[in-house]
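Trainee: There's a structure below that I have some questions on.
The values are calculated or read from the model by the stated rules, or taken from the named source; none is laboratory data. Keep in mind that what you see is a predicted model, and the values were worked out from it rather than measured. So basically every Cβ, Gly included, is an ideal-geometry build from the backbone, and we count neighbours across all protein chains shown.
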Amino acid sequence: MTLIVPVVVTFLIYALWLIVLRHRFKPWKVLAINFLLSYGLVIAQAAFFEHYYQVQWDRYDTNGNGLFESYEQTEGFAEAMERVVQDTGRTFAPIFGFIISGFFTFILSLLLPFSNWLFKKFGKFNEST
C-alpha cells in the first residue's frame, strides 16, 4: 500500500503541471514538490498505521496497567500483537520512502522535458475537440 502513495502523487502533480502550472513553475520546483509530498505522505502513512495498530493492541489491556495479564491474552490479542511487533515496514518507512519517492521523482524528471518537447513540437492542446 505504501507504493500507491508516490504513484498517485506523481501522477496528480504531473497532470496538474500539464494543465495549469506549466508556465508558472520551473521543472525543478515541480520535482522538489513531488519528492517532498510523496516522502511526507509515505511517512505519514507509516505513522498512521503505527498508531492504528498500537490502539488496536491497547484495546486488549482491559485493566489499563500497560501489561498484558494471562486472562487478557486472547486470540485477537495475539493477532494484534503480531501486527505491532512483526511489521518492519513501518520501521523502514523513512528509508523505503526516500528510495521510492526518489524513483518516482526521477520518472517525473523524464516526463517533464518530454512534455515540453511535445508542446514545442505540436503546440497547445486542441481546445475545440
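Trainee: Can you tell me which residue within the range 14-54, out of those that are more than 11 Å from Leu112 (Cα to Cα) and of a type in the set (Val, Ile, Thr), is modelled with the highest pLDDT?
Mentor: That would be Ile43.
Trainee: Further, regarding this structure: Exactly one of these conditions fails for Leu67: (1) in contact with an Asp or Glu (Cβ under 8 Å, 6 or more places away or on another chain); (2) surrounded by 12 or more Cβ atoms within 10 Å (Cβ to Cβ); (3) at pLDDT below 75; (4) not basic (Lys, Arg). Give me its number.
Mentor: Result: Leu67 passes all but (2).
Trainee: Which of the residues spanning the range 6-35 are surrounded by 15 or more Cβ atoms within 10 Å (Cβ to Cβ), in contact (Cβ under 8 Å) with a residue 24 or more places away in the chain and assigned to a helix (DSSP H, G or I)?
Mentor: Pro6, Val9, Thr10, Ile13, Tyr14, Trp17, Leu18, Pro27, Val30, Leu31, Asn34, Phe35
Trainee: For the range 86-127, give me each residue that is under 17 Å from Phe48 (Cα atoms) and at pLDDT below 75.
Mentor: Within the range 86-127, Gln86, Asp87, Thr88, Gly89, Arg90 qualify.
Trainee: Looking only at residues that are among the hydrophobic types (A, V, I, L, M, F, W, C) and either over 10 Å from the mean Cα position of the chain (by Cα) or farther than 16 Å from Ser101 by Cβ (or both) in the range 37-50, which one is surrounded by the most Cβ atoms within 10 Å (Cβ to Cβ)?
Mentor: We begin by selecting, within the range 37-50, every residue among the hydrophobic types (A, V, I, L, M, F, W, C); these are 37, 41-44, 46-49.
Now drop any that are not either over 10 Å from the mean Cα position of the chain (by Cα) or farther than 16 Å from Ser101 by Cβ (or both), which leaves 47-49.
Working: Ala47: 12, Phe48: 11, Phe49: 17.
By that ranking, first place goes to Phe49.
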